[in-house]
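Scroll down for the structure; my scribbles are underneath it.
The values are calculated or read from the model by the stated rules, or taken from the named source; none is laboratory data. All figures in this text were calculated on a predicted structure; none of them were measured in a lab. Neighbour counts run over all protein chains shown; Cβ positions are idealised from the backbone, glycine included. Quick note on the areas: whole protein, heavy atoms, side chains included, nothing else; ligands and nucleic acids left out. Shrake-Rupley method; radii C 1.70, N 1.55, O 1.52, S 1.80 Å.
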Amino acid sequence: MSNRTLFALVSPLALLAAHTAFGQAPAAPAAPAQPDFSAVQIKVHQVAGNFYYLEGQGGNVGVLVGDDGVLMIDDQFAPLTGKLIAAVKTISKKPIKMLVNTHVHGDHTGGNENIGKMGIEIIAHDNVRARLVKGVNGAPPSPAVGLPVVTFGDAIALHFDGEDLEVAKLPPAHTDGDSYIKLTKADVIHVGDVFRTVGYPIVDGPNGGTVKGTLAALQKIIDMAGPNTKILPGHGVVSTREDIAAFRDLVASLQTKVGDMIKQGMTLEQVLAAKPTADLDAKLGPSERFLTLFYNALKTEL
Ligand SMILES: [Zn+2]
């Protein structure tokens, strides 16, 4: 079985499991148990120049390589750290020097403790650290060694491996600590889970995500991207500015559709029963969890 086939089989459940454990509102429906990490295989994809991403279980892991060493973006789940590092070594024999977290969810920060113990510097937005310190969605607080040691409010610039990286906060979208990482020379933007090419847009209200912020964040990415910019989503495949625009339009249409139902006084149960996304489920998968989070977030914004 190829890696791609394996990923295709396990991906939808894994994404649900990831958000169940780390990124889901308490009121959202239960999702399947976590996948068997021993079966996960890591696949290496080149994005542009000296920038790659690793596809495994959880968020896409960015890997910048060069003379200065390796910079990683996100680290999936703790049980996968060894496999991820082995995959990095197939690209570069240089040491891993830095890790940037795009946001707080455990399918992107789950390896932080292992990475921190290796002496690798972790960088993230202030809110990512603040949430990890408290523990995310009922999880225990992160050990100090797994916490970001460099945090920022608006933006931080990194100069590494001949690349100029702009790491900056987005409006509160998927969470309140979403950052993008722009590689100015490679013309790539890693946008975390603000954008995904698999499944519905996830607005994690309990972790500070908002629908309005999602639309603003997507617009910001569209505005900063050029026609040839490669967009690396938190989940899914390398995309373009046009793909982001289509995703923004999807979120906007869902905002209108679900927003109208809320304005009519419909409860969450009534909205779920009305199946407002029935026409999209075949393409985007089960919608109950998405709708629950989206409804709860949107209700506070109207
Ligand atoms: Zn996420």
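Here are a few things to note about the model shown:
- For the chain, relative contact order (Cα pairs under 8 Å, six or more residues apart, normalised by length) works out to 14 percent.
- Accessible area per residue was computed with a 1.4 Å probe on protein heavy atoms; ILE91 scores about 40 Å².
- Accessible-area composition of segment 145-272, carbon plus sulfur, in percent [1.4 Å probe]: 55
- Carbon plus sulfur fraction of accessible area for segment 40-133, probe 1.4 Å, in percent: 50
- Backbone amide hydrogens, once placed in the peptide plane, bring GLY49 within less than 5 Å of nothing, excluding anything fewer than 5 places away on its chain.
- In a simple Cβ point-charge model (Lys, Arg +1; Asp, Glu -1; nothing else charged), the chain has a dipole of about 280 debye relative to its Cα centre.
- Calculated from backbone phi, Karplus (6.51, -1.76, 1.60) coupling profile of segment 178-190 in Hz, x at Gly/Pro: 6, 10, 10, 10, 9, 9, 5, 7, 6, 6, 10, 10, 8
- In a fully extended conformation the segment linking ALA274 and ASP164 would gain 34.8 nm over its present Cα-Cα distance, using 0.36 nm per residue.
- Over the chain, accessible surface divided per residue gives 39 Å², non-protein components excluded, 1.4 Å probe.
- Accessible area in the full protein assembly, largest first, 1.4 Å probe, for LYS93, LYS43: LYS93, LYS43
- In order through segment 112-118: 3J(HN,Hα) via Karplus (6.51 cos²θ - 1.76 cosθ + 1.60), integer Hz, x for Gly, Pro: 4, 4, 4, 5, x, 5, 7
- Phi-derived couplings, Karplus 6.51 cos²θ - 1.76 cosθ + 1.60 at θ = phi - 60°, listed residue by residue for segment 96-111: 7, 9, 9, 10, 10, 9, 6, 6, 7, 4, x, 7, 10, 10, x, x Hz, with x used for Gly and Pro.
- Per-residue SASA remark: GLU242, around 100 Å² accessible (1.4 Å probe; ligands, DNA and RNA not included).
- Global form of segment 201-302, assessed from the alpha-carbon gyration tensor, a/c cut-off 1.5: prolate
- Over 32 Å (Cα to Cα) - which of LYS182/LYS212; LYS134/LYS275; LYS83/LYS169 fall in this group: LYS134/LYS275
- Note on THR267: accessible area is roughly 60 Å² with a 1.4 Å probe, heavy atoms of protein only.
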